[in-house]
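The values are calculated or read from the model by the stated rules, or taken from the named source; none is laboratory data. Computed from a predicted structure; not experimentally measured. Cβ: placed from backbone, ideal geometry, glycine included. Neighbour counts: every protein chain shown.
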Amino acid sequence: MRGMVIGRGILFAAALSVAGCVSVLPEPETPDALYRIEAAQMRQDLPVNLVVREPDAAQIVAGQALVTVDASGAMRLVRSVEWSGRSTRLLQLALVDSFSMNGGGAALLPETAVTAQYELISRVQAFELRGEEAVCELSVSIVNTRIHGLVEQTEVSAQRTAQSDRAPARAAALKSAGEACVAQMAEFAATTLNELAAR
């Protein structure tokens, strides 16, 4: 009986110890605002199906945090504002939504498991704030999946200037730059595939 009491006492002390450790951990910082990247307003028609891959990016850029780069090249996270999801996923979803359903084809996510002759792959070269300047740069390629060959590639870029040095204004500028890149990517894909279909 005495052993059971001692055992319970040890367990109780251990529980208090763990609770004490947990209570000193800092609370995760809740952002003041979340931002998402919207689809291009001008919907592009596709003659064939196109699988849109999530862009490749450096880990610090591909997350939910907005990144700022100073003159020395040091990267920091912008406090109090975040993307509503992974930035690369937001770019991918916005691009898919930038195509209409009126053409002969559609833009598809890879997880739909629908086969398509063409895929759009991209890599983020820059998606960051440089002071009050928001910069978006991506390399974009259309690939023929049947022959595993490159069809066409290009670079898209956009810059926007924030209206102030406050975090919400800078986030809005980067959101706008991202949306401009999405619009350029959609136009590039539609033009390339329509030219191929016309041959």
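In table form, for the structure just shown:
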read-out: Filter result for S176 (in contact (Cβ under 8 Å) with a residue 60 or more places away in the chain and in contact with a strand residue (DSSP E or B) (Cβ under 7 Å, 6 or more places away or on another chain)); value: no
read-out: In the range 98-143, residue nearest to P168 (Cα to Cα) [restricted to those that are of a type in the set (D, E, K, R) and buried (at least 17 other Cβ atoms within 10 Å of the Cβ)]; value: E128
read-out: Residue identified as at pLDDT 95 or above and within 19 Å of A107 (Cα to Cα) among E133, E179; value: E179
read-out: Pairs with Cβ under 7 Å, 6+ apart, first in the range 127-142 and more than 21 Å from R36 (Cβ to Cβ), second part of a loop (DSSP other than H, G, I, E, B); value: E132/A162; E132/D165
read-out: Residue within the range 114-130 that is farther than 21 Å from C181 by Cα and not in a loop (DSSP other than H, G, I, E, B) present; value: no
read-out: Residue count, the range 51-97 (criterion: β-branched (V, I, T), within 18 Å of R170 (Cα to Cα) and crowded, with 17+ Cβ neighbours inside 10 Å); value: 5
read-out: Any strands (runs of 3 or more DSSP E) falling wholly within the range 49-95 and containing at least 1 residues that are without any contact (Cβ under 8 Å) to a residue 24 or more places away in the chain and over 18 Å from A189 (Cα atoms); value: 65-69, 75-83
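Yes/no per residue for (1) of a type in the set (S, T, Y); (2) modelled with pLDDT under 95; (3) on the phi < 0 side of the Ramachandran plot; (4) out of contact with any strand residue (DSSP E or B) (no Cβ under 7 Å at 6 or more places or on another chain):
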| residue | (1), (2), (3), (4) |
| --- | --- |
| L25 | no, yes, yes, yes |
| T30 | yes, yes, yes, yes |
| M42 | no, yes, yes, yes |
| A57 | no, no, yes, no |
| A62 | no, no, yes, yes |
| A74 | no, yes, yes, yes |
| V81 | no, no, yes, no |
